[in-house]
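Q: So that we are looking at the same thing, I have put the structure below in structure tokens.
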Amino acid sequence: ELRAGAEIIRKRWERATARTAEAFISSPALCDFEEFDAPRALEPGLVILAGSIVVNSRCIVSLDDVLATGDSVWTCGGRVCAVRLMADLAPDLLVAGSMSLDDLAHAIAPTASARALAGRWVDAVWDFIAQLSPQLTDDIGALAPTIDVTSLMYDSIGSHSLTVEDGARIEPYVIFDVTAGPVMVRRGASIGAFTRLIGPCYIGADAVLVGDRIANCSIGDTCKIRGEISSSIVLGHSNKGHTGFVGHSYLGRWVNLGSGTTTSNLKNTYGTVQLWTPQGVLETGQQFLGTFFGDHAKTGIGTMLTTGTVLGAGSNVFGSTMPPKYVPPFAWGEREPYAAFAGAKFLDVAEKVMSRRHVSMGERQRRHLARVHSARSPG
């Protein structure tokens, strides 16, 4: 359910296969994951039926590609990315991580006979940002012929395409700069006066942009964005309603940035950025990298974030002290050591935030958040 370029990965594969995703295979910790039209986790004891297509969600398949019905194994960049099952499969080994799609592919057909698909691989979380510009350019080109565009004309600079879907609202004094790449604005989005959109840039349905410079970004559905933001992905339903610079960052769902929240995306030594991961701090090789905001993360007024910061899901940080490069999930406070965001209070706040976007928290989603809070809260 992560956004890569202009589209969520699962929806990319639904488009390529001309099928609706029935389930996802992951760890038991995600058994109650629930989010909009996302499929459910594959339930224990069930088998995956013959004829089903199992895909690797780290493969960002091109929106232009289609899986042929006569094929059984597909590759991307020389690596197996999808397999059509020849027989029913108990998914236990896949869930445990001891079986890969390569294992399934070798049992079905030689990889030499596999059909190659266009796309990119996300091998590390920062690849979402590193590949954003070319991914957006490709995606907008693929999506543009499929939507109903408005007949109105808008001020634009450059030779790349500008696609404004019928039903979007563009106020006067909005500038579209398509010199470096295309721009797409989807139905229901509202672009306020004195906004400068610099391509490649994708603005999702019902997003609200309230001014300033927005460059090389993928802004998901029902977001509110004010102030400068560049080279970033906002998954959806998140709020940057005030000034403050955000660059080379990834915002999950239900994130809220306090006024003046600013991310550093470049070290003053101009060296590459290191990033915390569950496997330890890793060298990213990226000169520009900002902050990764987990779902439901919140920042207070004037929060300053250094390069390569990770704010865990459900964390709530505030005060004049710059947070460390890693803030655990459900952390609460001004500085280390952080207190834990109380579970009942977190769920209450999350439910209120979602209701402001006219979304109700389902019982499964409540169980999921409560389980994750219990397993990962600091202390």
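The values are calculated or read from the model by the stated rules, or taken from the named source; none is laboratory data. Because the structure is predicted, anything quoted here is derived from the model rather than measured. So basically every Cβ, Gly included, is an ideal-geometry build from the backbone, and we count neighbours across all protein chains shown. Protein only, heavy atoms only, side chains kept; ligands, DNA and RNA dropped before computing areas. Shrake-Rupley method; radii C 1.70, N 1.55, O 1.52, S 1.80 Å.
Q: What's the number of the only condition in (1) open to solvent by less than 30 Å² (accessible area, probe 1.4 Å); (2) within 30 Å of Thr277 (Cβ to Cβ); (3) at pLDDT below 95 that Ala114 fails to meet?
A: Condition not satisfied by Ala114: (2).
Q: Report, by residue number, each residue of segment 348-377 that is open to solvent by 30 Å² or more (accessible area, probe 1.4 Å), small (Gly, Ala, Ser) and either in contact with a Phe, Trp or Tyr (Cβ under 7 Å, 6 or more places away or on another chain) or without any contact (Cβ under 8 Å) to a residue 12 or more places away in the chain (or both).
A: Listed by number, the residues that qualify are Ser355, Ser360, Ser377.
Q: Output the residue which, of all residues in segment 148-165 that are of a type in the set (S, T, N, Q) and open to solvent by 80 Å² or more (accessible area, probe 1.4 Å), is nearest to the chain's Cα centre (by Cα). It would help to see each step written out before you state the result.
A: Within segment 148-165, the first condition is being of a type in the set (S, T, N, Q), and the residues that meet it are 150-151, 156, 159, 161, 163.
Imposing the further condition that a residue be open to solvent by 80 Å² or more (accessible area, probe 1.4 Å) reduces the set to 151, 159.
Values: Ser151: 31, Ser159: 28 Å.
For segment 148-165, the residue satisfying everything is Ser159.
Q: Another question, then. Within the bounds of segment 28-39, is there any residue that is touching a Pro at 6+ places or on another chain (Cβ under 7 Å) and open to solvent by 70 Å² or more (accessible area, probe 1.4 Å)?
A: For segment 28-39, residues touching a Pro at 6+ places or on another chain (Cβ under 7 Å) and open to solvent by 70 Å² or more (accessible area, probe 1.4 Å): absent.
Q: Determine if segment 6-18 includes at least one residue that is hydroxyl-bearing (Ser, Thr, Tyr) and in a loop (DSSP other than H, G, I, E, B).
A: No, every residue in segment 6-18 fails to be hydroxyl-bearing (Ser, Thr, Tyr) and in a loop (DSSP other than H, G, I, E, B).
Q: Report, by residue number, each residue of segment 223-256 that is polar (S, T, N, Q), in contact with a Ser or Thr (Cβ under 9 Å, 6 or more places away or on another chain) and more than 17 Å from Ala130 (Cβ to Cβ).
A: Answer for segment 223-256, where residues must be polar (S, T, N, Q), in contact with a Ser or Thr (Cβ under 9 Å, 6 or more places away or on another chain) and more than 17 Å from Ala130 (Cβ to Cβ): Ser238, Thr243, Asn256.
Q: Now for a separate question. Only residues that are in contact with an Asp or Glu (Cβ under 7 Å, 6 or more places away or on another chain) and among the β-branched types (Val, Ile, Thr): list them for segment 1-47, please.
A: Of segment 1-47, the ones in contact with an Asp or Glu (Cβ under 7 Å, 6 or more places away or on another chain) are 1, 5-8, 10, 16, 20-21, 35, 38-39, 47.
Answer for segment 1-47, where residues must be in contact with an Asp or Glu (Cβ under 7 Å, 6 or more places away or on another chain) and among the β-branched types (Val, Ile, Thr): Ile8, Thr20, Val47.
Q: Next question. Which fully enclosed helices (runs of 4 or more DSSP H) of segment 67-149 have 2 or more residues being of a type in the set (Asp, Glu) and farther than 30 Å from Gly199 by Cα?
A: Once the helices (runs of 4 or more DSSP H) in segment 67-149 are filtered for at least 2 residues that are of a type in the set (Asp, Glu) and farther than 30 Å from Gly199 by Cα, what remains is 101-108.
Q: Under 6 Å between Cβ atoms, at least 6 apart or on separate chains: pull out the pairs that start in segment 126-149 with a residue that is free of Cβ contacts under 8 Å to residues at least 12 places away in the same chain and under 12 Å from Val183 (Cβ atoms) and end on any residue that is outside any helix (DSSP H, G or I) and open to solvent by 10 Å² or more (accessible area, probe 1.4 Å).
A: Cβ pairs passing all conditions: none.
Q: Any residue at all in segment 268-283 that's modelled with pLDDT of 95 or more, open to solvent by less than 10 Å² (accessible area, probe 1.4 Å), touching a helix residue (DSSP H, G or I) at 6+ places or on another chain (Cβ under 8 Å) and not in a loop (DSSP other than H, G, I, E, B)?
A: Checking segment 268-283: not a single residue is modelled with pLDDT of 95 or more, open to solvent by less than 10 Å² (accessible area, probe 1.4 Å), touching a helix residue (DSSP H, G or I) at 6+ places or on another chain (Cβ under 8 Å) and not in a loop (DSSP other than H, G, I, E, B).
Q: In segment 40-72, how many residues are open to solvent by 60 Å² or more (accessible area, probe 1.4 Å) and out of contact with any helix residue (DSSP H, G or I) (no Cβ under 9 Å at 6 or more places or on another chain)?
A: The total comes to 7.
Q: Oh, and also: Mind listing just one residue for me: the one in segment 329-347 that is assigned to a helix (DSSP H, G or I) and within 24 Å of the chain's Cα centre (by Cα) and, of those, farthest from Gly300 (Cα to Cα)?
A: Filtering segment 329-347 down to residues assigned to a helix (DSSP H, G or I) leaves 343-347.
This time we only want the ones that are within 24 Å of the chain's Cα centre (by Cα), so: 346-347.
Details: Phe346: 16, Leu347: 19 Å.
The extreme case among them is Leu347.
Q: In segment 33-50, how many are of a type outside the set (A, V, I, L, M) and at pLDDT below 95?
A: 3
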